[in-house]
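The values are calculated or read from the model by the stated rules, or taken from the named source; none is laboratory data. Everything numeric here is computed off the predicted structure, so don't read it as measured data. Cβ sites come from the backbone with ideal geometry, for glycine too, and all protein chains shown count toward neighbours.
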Amino acid sequence: MDYNQEQKQDRKTLLWAALAVLLLLNLVLVYFIYHEKQENNLKDNIISAKTEEVLFTKTKLDSISAQLDIKIAEIQQLGGSVDSLVALKAQLERDKQDLKNVNNFATADYNKKIKSYEAVLNQKDSEIAQLKQELGLVTSKNEELNQQVSGLESERTRLSDSVNSYSSMNRELSEKVSIASALRAEDLTIHAVSSKGKDREGEKFKAKRIDKLRVNFKLGENAVAKQNEKDIYLRILDPEGAVLSDMATGSGSFVFNGKEMIYSSKQTVNFTNTGQAVDIFYGRGGIAMKEGKYAIEVYSEGFKIGNGDFTVK
């Protein structure tokens, strides 16, 4: 009888030992699962941050590229050499292509490149100013020579002045007509559209509820404006003043006051002079929007026709 009791006791001991081992194995398994999940979350955060840095860098390079085009055209007009700028533009385009390989992207390296490009742009501003000064000196010498021409030349100059005066008057009249024909974006409102399609109008939105932005306004009636197709450009500036843009989804550039500017989204409408409503959408492309105050600018036919702002919290 004592022997049987000892056997039962041994079996109980072995059973408790087995249960303890199983419990320990489960704890180890839970630990490894939790550790792997933490590592995956960290990797996702790193990838998201790196993608945002790449998009911001591409926007900066696009802006520099547009400025280089302007500098090249201006220096060519003034008779200067643009070989170095053309070579620099080619290098910049290669840098933009390299951005497609996100794994090799290094923020510090591209920041150095951007500073180098900006330094060249500043240097070219000085060269352009010098070329303009030299051109001004040449013009001054020509004027001195013209003053030595005969009385017939003087008469022709007076006639030329009259023609220029009439031309100036025509230009002023044309500018006044152009200004009068400018469109106006009235009653501008901003809407946040969630991933589920829910539309919210207001001035403050939560970042996680913004999948798209919808900017709505009415085109004010204007009898002077031509009733035809109008290209309308939307610019959304983040709290640091950078333009939100994604060339892959419809962003691009346009010329305003002689300068090339990046736009976030573009809409072509047929102006009917009936106070028609216009919607322009911009999708954030999966990138979370920063907290702070954003500015909205609307342009068409060389004029800024409306503006607004909203806050992301």
Some residue of the stretch 192-205 being touching a helix residue (DSSP H, G or I) at 6+ places or on another chain (Cβ under 8 Å), in a strand (DSSP E or B) and of a type in the set (Lys, Arg): yes
Single residue of Ile236, Ile210 found to be crowded, with 16+ Cβ neighbours inside 10 Å, β-branched (Val, Ile, Thr) and out of contact with any Leu (no Cβ under 8 Å at 6 or more places or on another chain): Ile210
Strands (runs of 3 or more DSSP E) (entirely within the stretch 264-313) containing at least 2 residues that are among the hydrophobic types (A, V, I, L, M, F, W, C) and under 18 Å from the mean Cα position of the chain (by Cα): 277-283, 292-300, 303-312
Residue match in the stretch 227-236 (condition: polar (S, T, N, Q), outside any strand (DSSP E or B) and under 22 Å from Asp309 (Cα atoms)): no
Enumeration of residues in the stretch 243-302 that are surrounded by fewer than 16 Cβ atoms within 10 Å (Cβ to Cβ), of a type in the set (A, V, I, L, M) and either over 21 Å from Lys313 (Cβ atoms) or touching a strand residue (DSSP E or B) at 6+ places or on another chain (Cβ under 8 Å) (or both): Met247, Ala248, Val255, Ala277, Ala295
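So, Leu78, is that one at pLDDT 80 or above and not assigned by TED's automatic domain parsing to the domain that holds Gly302 or not?
yes
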Residue among Ala49, Ala87, Ala119 that alone is more than 23 Å from Phe254 (Cα to Cα), at pLDDT below 80 and either in a helix (DSSP H, G or I) or not assigned by TED's automatic domain parsing to the domain that holds Ser245 (or both): Ala49
